[in-house]
Amino acid sequence: MREKIIESFKQPLYKKNLLDFFIGSIFMFFPIINFISLGYIAEKLKSGITLERKNIRWDENFKNLFLSGIKLFILIIGYLTIPSLFLLLGVFLISIPSGGEILSLFLFRGLILVMVSTIIFLIAIYFLLFGICISLEENSFKKGFDLKEIIEKIFLIPKEYTIIYVLVVGILMSSIVILTLLLNLVTGLLFSGFLLFYDLLVISNLLIKFYPRKSVEVRMLF
């Protein structure tokens, strides 16, 4: 398992993959156009899950990638809307009604909402990872929210999935820290596309390597 994880982090930076990495990173920087990069991730993940192993091309495929990206984005939003609303409300209460007073009741309520939103975010991401995989495997948007099937898939590889989940959360949190604390506004914006697209490539590689695909029935002829 360790070798697969290390390989997942290395693959985006292989010489043969660098061109795709740079194209996707540049597209990721621009609003709306970044749906093309998301579509590339979706198609790459689908190809790996279904064992097609085809090369995803950028040229002459922008429309399909764009539409795939929109579908993936909507699926992600479906999972993250509720925690996002809690977070926004919490930040609002902390920044405006509290008036900056440490002992303000609004500040306390805002902090509680932020903590609740964090917990819900973690729960949502836990189900989102395999939700995306199932949606792509079944070619069904609705299947991406089938919690029963998602849980069944998780129980097939509970140990591996826990490690993948922790890695994904760690990757995302590290990127947030880098962009918000270690970089200024200009460099952070310029670097964000590359960092986010790299994260998505690593996460898709991890899911491709460990996702429990459908069993293949082999008929024996006697």
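Since every read-out is calculated from the coordinates, none of them should be taken as a lab result. All of these numbers come straight from a predicted model, not from anything done at the bench. Glycine gets a Cβ as well: all are built from the backbone with ideal geometry, and neighbour counts include every protein chain shown.
Some values worked out for this structure:
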| read-out | value |
| --- | --- |
| Under 17 Å from the Cα of Lys209 - aspartates and glutamates, other chains or at least 8 residues apart | Glu3, Glu7, Glu43, Glu52, Glu137, Glu160, Asp199 |
| Mean Cα-pair separation over length for the chain, i.e. relative contact order, pairs under 8 Å, 6 or more apart, % | 27 |
| 0 to 90° range, to nearest 10: angle between helix 147-156 axis and the chain longest Cα axis | 70 |
| Cross-link table Lys44/Lys153; Lys148/Lys214; Lys4/Lys71; Lys54/Lys153; Lys4/Lys214; Lys16/Lys54, entries beyond 18 Å C-alpha to C-alpha | Lys44/Lys153; Lys4/Lys71; Lys54/Lys153; Lys4/Lys214 |
| Filtered GluC sites (Glu not before Pro), the range 99-178: DSSP coil and at most 13 other beta carbons within 10 Å | Glu101 |
| Nearest-ten-degree value, helix 105-138 long axis tilted from longest Cα axis of the chain | 10 |
| Rounded tilt (10° steps) of 158-177 against the dominant C-alpha axis of the chain | 50 |
| Stretch gain in nm, segment Ile163-Met1, where the contour uses 0.36 nm per residue and the Cα spacing is subtracted | 57.3 nm |
| ³J(HN,Hα) computed for each position of the range 66-71 - Karplus, 6.51 cos²θ - 1.76 cosθ + 1.60, integer Hz, glycine/proline x | 4, 5, 5, x, 5, 4 |
